[in-house]
Every structure is written in structure tokens, then in C-alpha cells.
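The values are calculated or read from the model by the stated rules, or taken from the named source; none is laboratory data. What you are looking at is a predicted structure, and each value in this text was computed from that prediction instead of being measured. Cβ placement follows ideal geometry from the backbone for every residue including glycine, while neighbour counts extend to all protein chains displayed.
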């Protein structure tokens, strides 16, 4: 056997037979791998919790906890930060290994193992491991770059916004009508760019698990009235009417949520309705709902929550094709409309709704407008909210 340079790959060999462990350990150590061993499934799981490895060689038939159960726990129950390939080791007369592969194992080898086959399968799975690790590292670097870029972009954009505001207010002298028009266009474009940067930053925070929500009692009727007041000038520019259709039980329109994120959510939905509607109106409905088991099942809502508030944002726009509705809430999915944006707004909206244990749906027909339906729980414990 040719000697090779030492590797840093760590391999865990799990087998209840000391002879099998000694044989496999000897073969792999001669190739320069670092080997640790476990005599049963429980010991193997304990080792993986404290010291993850690059590959697991797992005997399928062991007393107590067999290889099937160990595979299941590694893939499902254990919160592994990195992917670990699993190579099942089974006797020729053992049951079919298909079940182990279905549970998440990557390959198998039958006893008695041959040196060449064992090393070939080990090398193959370690290549898989290195490829996945490299991909994950590239993803992490990309996300870190996006985070740094968005932070760095915000500073000059905010500064430009303040300077343009001063120019519009005449702080640097009177401007001609032509200059006023140019400054207004620049300010609007700067605000749009700043909004895109902020959205990208929020998406990154959610995906990186760095988003912290501050839950408090939020009166949705007041929040929606506030947002409508902010967006009314945009609707007036297009001669669109905004109608508020709230239930009479105003005192029941309170949810436990992050007010800033809910403001972001409904600003996006109502703003989109205005943006994509050329004539007609925008109607915002707010209704407390006592969910029946049928509704709960339809919306796939948590069984521990029964009382919801539904918020509907309906427009009289062109509607959305069925094929676009299926991917509407995915990241970077732009619609075919000429005014479609970055494809992040509705994705971020979905993440905000899910962080509040709610659901968001779309009901739309071409030529008949669109309705976005958000369902949010009326009551949540602060403990539950902090854990989300």
C-alpha cells in the first residue's frame, strides 16, 4: 500500500465488534486519517455532539441502538452545523440497506470489507463532504459580503437624502423650477435605492438568523390607519381611492407583534397595491376571526392558536397569472409586470408573517385584481414570541 501525505480528515468508526473496529482503524490510519471509535450508537451520538467529524463509518446491525436509528438521529434530531456523510457497514446476509439510505445515509459497504473498496468509498464521501463544505463557505462569504455592502451603502445614501432635502427646503438658496424638478427626481430615486438596500439588509438578517423581534401589543387598526396616511399621497397621484373596512370590534384588533416589522409588512403590501393599480381603488379589510377546526386545517395554522385577525389588501389592478402566484413569495422572484421590483419585497413579507406565527396568501385573477390575505394570531405568550 502506497503511503500518502497525512490528512486532516476525521473519521468516526462505529461498530460493536472490536475486531472490525481494529481492522478498519488500521487501514484508515495507514492512509493518514485521524480515527476515533465508538462501540455503540449512543456513544457515537455523544461524540458527535462534542466533536463533529468529517465522515461516519456506521455498522448497521448493533445491539441497543442500530445503525438505522443512529442515521435517523444524525440527520433529524441532532442540530449539526455541518453536513457529515454516513457510510453504512453491513453483513452480506443483513436486511436490505435501502431503509438506511432513505433515512439519510450516503453509501454502504458489505462485510468482509476489502481495502481497495473501503478506501475508494471513503475518498468518494470525503470529496462530497469537502464539496459541500466549500459551497457552504462560499454562501457564508456571500452573505457576509451582502451584509457589509448594504451597511456601507446606507451611509452615503442617507447622507445624500439629507442633502437633497436641504436643497428642496432652500437651505442653500432659491432654486429655479427646473432645478426643483431635477432635485425632486433625484430625491425620489435616492429614496427608492435606499429602500432596496434596507430590504436586502432585512432579508439577510432573517436568513442569517440575526433578526431579533421586539414583541408588544399592537393595535392593527391604528397601525393600518397610520400607514394609509403615509401612502395616501402616492394614491392621490394616481387618483386611487383607499378604503378602510374594519370590523366594529376595534378592541379586538390587537396582536402581539413587532410594530416596526408589521409596519414594514403592511407598507409593502399596500404600497404594492398602489404601485400596480392604475385605476379604481385599494381596500384594506381587518376582521377578527375565531377559527374553526376546518379553517385551522385549511391554513395549516399552529394547533395552539385559535383566534386570528385577518387583514386583506385588495386592489383593482391587472391581477397576477397563476404561474407567478406559485412562486410569488420566493426570493428574487420578479413578476412580469413592467413595474416589478427586486423580487425581495414579498419574500421579506412572508418571512415577517412567519416570524409572527401567521400565514400570507394570494387570491388573484387576471383582469380582476389581487387580494393579499394575512392571518396573524391575536394572542401569543411572550415566551413563545421570544423563542421565535
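A few comments on the model shown:
- Among the conditions (1) under 16 Å from residue 352 (Cα atoms); (2) not assigned by TED's automatic domain parsing to the domain that holds residue 161, the only one that residue 225 does not satisfy is (1).
- Hey, residue 116 exposed (fewer than 15 other Cβ atoms within 10 Å of the Cβ), modelled with pLDDT under 90 and out of contact with any strand residue (DSSP E or B) (no Cβ under 8 Å at 6 or more places or on another chain) or not: no
- Checklist (1) in a helix (DSSP H, G or I); (2) farther than 14 Å from residue 230 by Cβ; (3) at pLDDT 90 or above; (4) more than 21 Å from the chain's Cα centre (by Cα) applied to residue 285, failing item: (1)
- Hey, residue 244 more than 22 Å from residue 350 (Cβ to Cβ), at pLDDT 90 or above and not in a loop (DSSP other than H, G, I, E, B) or not: yes
- Residue 127, sole failed condition from (1) closer than 19 Å to residue 9 by Cα; (2) touching a residue at least 40 places away in the same chain (Cβ under 8 Å): (2)
- Filtering the stretch 247-258 to residues that are at pLDDT 90 or above and not in a strand (DSSP E or B) leaves only 258.
- Filter pass, residue 98 being farther than 20 Å from residue 126 by Cα and modelled with pLDDT of 85 or more: yes
- Residue in the stretch 146-169 that is part of a loop (DSSP other than H, G, I, E, B), at pLDDT below 85 and either in the same structural domain as residue 200 (by TED's automatic domain parsing) or under 29 Å from residue 201 (Cα atoms) (or both) present: yes
- Among the criteria (1) in contact with a strand residue (DSSP E or B) (Cβ under 8 Å, 6 or more places away or on another chain); (2) crowded, with 18+ Cβ neighbours inside 10 Å, the one residue 261 does not fulfil is (1).
- Residue 279 in the same structural domain as residue 258 (by TED's automatic domain parsing), at pLDDT below 90 and surrounded by fewer than 18 Cβ atoms within 10 Å (Cβ to Cβ): no
- Looking only at residues of the stretch 38-59 that are under 35 Å from the mean Cα position of the chain (by Cα) and part of a loop (DSSP other than H, G, I, E, B), we find that the one that is farthest from residue 82 (Cα to Cα) is 51.
- With respect to the conditions (1) surrounded by 14 or more Cβ atoms within 10 Å (Cβ to Cβ); (2) modelled with pLDDT under 90, residue 6 falls short on a single one, namely (1).
For (1) touching a strand residue (DSSP E or B) at 6+ places or on another chain (Cβ under 6 Å); (2) surrounded by fewer than 12 Cβ atoms within 10 Å (Cβ to Cβ), each residue gets a yes or a no:
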{"site": "161", "(1), (2)": "no, no"}
{"site": "181", "(1), (2)": "no, yes"}
{"site": "207", "(1), (2)": "no, no"}
{"site": "215", "(1), (2)": "yes, no"}
{"site": "228", "(1), (2)": "yes, no"}
